[in-house]
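Worksheet for the structure shown next.
The values are calculated or read from the model by the stated rules, or taken from the named source; none is laboratory data. Keep in mind that this is a model prediction, so the values were computed, not measured. For neighbour counting, all protein chains shown are included, and Cβ atoms are generated from backbone atoms with ideal geometry for every residue, glycine included. What goes into the accessible areas is simple: the full protein's heavy atoms, side chains included, and nothing from ligands, DNA or RNA. Shrake-Rupley method; radii C 1.70, N 1.55, O 1.52, S 1.80 Å.
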Amino acid sequence: ESAMYDYDLIVIGGGSGGLACSKEAAALGKRVMVLDYVVPTPLGTSWGLGGTCVNVGCIPKKLMHQTALLRTALEDARKFGWEFSEEVSHNWETMKTAVNNYIGSLNWGYRVSLRDKNVNYVNAFAEFVEPHKIKATNKRGKEVFYTADKFVLATGERPRYLGIPGDKEFCITSDDLFYLSYCPGKTLVIGASYVALECGGFLAGLGLDVTIMVRSILLRGFDQDMANRAGDYMEIHGVKFLRQFVPIKVEQLEAGSPGRLKVIAKSTETDEVIEEEYNTVLIAVGRDACTGTIGLDKAGVIVNPKNGKIPVNDVEQTNVPHIYAIGDILEGKWELTPVAIQAGKMLARRLFAGSSVKCDYVNVPTTVFTPLEYGSCGFPEEKAIELYGEENLECTVPGRDNNKCYAKIICNKLDNDRVIGFHYLGPNAGEVTQGFGVAMKCGVTKEQLDSTIGIHPTCAEIFTTMEVTKRSGGDIKQTG
Ligand code: FAD
Ligand code: NA7
């Protein structure tokens, strides 16, 4: 029946999930098309093939985070005898150019690999006009129609705005930050998501005056004990936090690169209204799924009207059997690049190679690249208590290096002291957490961690010698 259509599979969205899925399907001999199109930001920023991760997410933010860490390394270097007399300063434009060039090479690499793998790539915006037919509109407004037997939705998300006067006109989001042609100067970051804390963190690390406006708590959904420690470290290292405030208006005092903006904000607890001037305002208050303008009603796909997310079953199938969805647009799933890639690959294998292996969304390790990085896998303490009851858990917690490093594991006493929560605050958290993610996938217990011999001297060895339980209230400071 597939022969009646132009393609066996059309993938809408060429980001982490869409590229992985389309390449895998083509490698299995299917006729595959992928469409990717970037709608420019309100300020006109746009980018190439590859989606959020490469262009406006993981990759540029890690490079800028790394740039900021180099400054700390310079300071440490002096302490240990490196002598350099020139004053150290940072050039935004040089960094921006280096980051953009790196991204450009990745964009090119993706194009080449799609061609090599026989995926038909079209740079056009796709929307359904019928259940098996889409309309593709390119930059010049030219419309072409394509049909397919099956579809995969992988359109990702874009930053949410606040809906207050001046936000779209004068503020930037992470979609603009990595392409900003000028140094943002004194910056207000609005929001307390990981995107807000990471961007605020590296901007401060570059030496800028940074304030983060927090409506309620830091890093909702993450272990709060750890989130607050990551925040405390930022505060000690110069990031200002304006807590329990929300912005109500942004006015432009002077245009420029950067210009001058006035932000008026009100307390969430009292009648207090404050105002302050900044050069740049970065909004990072969450992201909206790109599902509202792709004709899903024409295809009959159900979307959660509250958040625009798409509910799927455990094989990433929507309510319409021939339409699947992966990545950030999924309801109740992780918003992470490796998750989108894994889901895309597994889906293609199930659709076209008779596989029955599903994407496992449990115990996905992740890291927040705040100035002091925070890696985690499994449950936050709050969630573990809610699910298992405090009396059935054991929490072990050593800190070290003047408490710059902090670690915590949560074990389920009802299940052999199996590790159900892993939390690490310290250098190279991503590298450290990856390995423990494997261990948790294998069902690691406290006893097995204890019988593992550490690598000395490292921060991660701490997980092999954890003795102090949180319950005991014992001294957690470790040395050596
Ligand atoms: P995307 O990668 O967003 O791709 C969707 C693509 O579809 C986009 O190119 C979009 O333009 C296109 N598109 C949308 N609608 C249409 C249409 N109608 N027609 C054609 N094309 C369309 N994840 C991590 O794992 N680690 C990190 O460190 C990390 N850091 C991040 C930092 C930031 C600042 C942000 C914003 C995100 C970060 N993420 C990180 C999340 C990660 O980027 C996403 O989880 C991942 O990119 C999701 O992949 P996706 O395939 O679902 O969507
Ligand atoms: P999240 O996690 O939903 O975070 C949104 C953040 O923005 C959060 O700190 C919110 O504060 C804050 N927010 C939202 N609206 C406002 C307004 N109007 N004013 C001020 N602050 C606001 O979104 P992300 O996209 O960053 O993260 C998505 C997922 O990644 C998440 O599920 C994690 O598991 C990882 P709040 O806490 O609501 O007061």
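Details
- Among (1) surrounded by fewer than 18 Cβ atoms within 10 Å (Cβ to Cβ); (2) farther than 27 Å from THR396 by Cβ, the one test that ILE217 misses: (2)
- Members of segment 244-258 found to be closer than 16 Å to TYR182 by Cα, touching a residue at least 60 places away in the same chain (Cβ under 8 Å) and open to solvent by 50 Å² or more (accessible area, probe 1.4 Å), listed by number: SER257
Residue-wise test of (1) open to solvent by 30 Å² or more (accessible area, probe 1.4 Å); (2) touching a helix residue (DSSP H, G or I) at 6+ places or on another chain (Cβ under 6 Å); (3) part of a helix (DSSP H, G or I); (4) at pLDDT 95 or above.
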| site | (1), (2), (3), (4) |
| --- | --- |
| CYS377 | no, yes, no, yes |
| GLU382 | yes, no, yes, yes |
| CYS395 | no, no, no, no |
| ASN403 | yes, no, no, no |
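- Options GLN317, GLN342; residue that is of a type in the set (S, T, N, Q), open to solvent by 70 Å² or more (accessible area, probe 1.4 Å) and modelled with pLDDT of 95 or more: GLN342
- Index of the failed condition, ILE10 passing every other in (1) farther than 21 Å from ASN107 by Cβ; (2) touching a residue at least 40 places away in the same chain (Cβ under 8 Å); (3) open to solvent by 20 Å² or more (accessible area, probe 1.4 Å): (3)
- Selection from segment 34-47 of residues that are surrounded by fewer than 23 Cβ atoms within 10 Å (Cβ to Cβ) and touching a residue at least 60 places away in the same chain (Cβ under 8 Å): TYR37, VAL39, THR41, PRO42, LEU43, THR45, TRP47
- Pairs where the first residue, in segment 221-243, is under 14 Å from GLU198 (Cα atoms) and touching a residue at least 40 places away in the same chain (Cβ under 8 Å) and the second is aliphatic (A, V, I, L, M) and open to solvent by 50 Å² or more (accessible area, probe 1.4 Å), C-beta under 8 Å, 6+ apart: ALA227/ILE217
- Residues satisfying the stated conditions in segment 334-359, i.e. touching a Lys or Arg at 6+ places or on another chain (Cβ under 8 Å), more than 9 Å from ligand 1 (Cβ to nearest atom) and in a loop (DSSP other than H, G, I, E, B): SER355, SER356, VAL357, LYS358
- Candidates LYS266, LYS306, filtered to the one that is without any contact (Cβ under 8 Å) to a residue 24 or more places away in the chain and assigned to a strand (DSSP E or B): LYS266
- Filter result (part of a loop (DSSP other than H, G, I, E, B) and within 13 Å of ligand 1 (Cβ to nearest atom)) within segment 281-300: ALA284, VAL285, GLY286, CYS290, THR291, GLY292, THR293, ILE294, GLY295
- THR337, sole failed condition from (1) closer than 15 Å to VAL11 by Cα; (2) in contact (Cβ under 8 Å) with a residue 60 or more places away in the chain; (3) open to solvent by less than 60 Å² (accessible area, probe 1.4 Å): (1)
- Screening segment 259-279 for residues that are in contact with a Pro (Cβ under 6 Å, 6 or more places away or on another chain) and closer than 14 Å to GLY191 by Cβ and picking the one that is surrounded by the fewest Cβ atoms within 10 Å (Cβ to Cβ) gives ALA265.
- Residue, surrounded by the fewest Cβ atoms within 10 Å (Cβ to Cβ), within segment 412-459, restricted to residues that are β-branched (Val, Ile, Thr) and in contact (Cβ under 8 Å) with a residue 40 or more places away in the chain: ILE420
- In this structure, ARG229 does satisfy being in contact with a Phe, Trp or Tyr (Cβ under 9 Å, 6 or more places away or on another chain), charged (D, E, K, R) and more than 13 Å from ligand 2 (Cβ to nearest atom).
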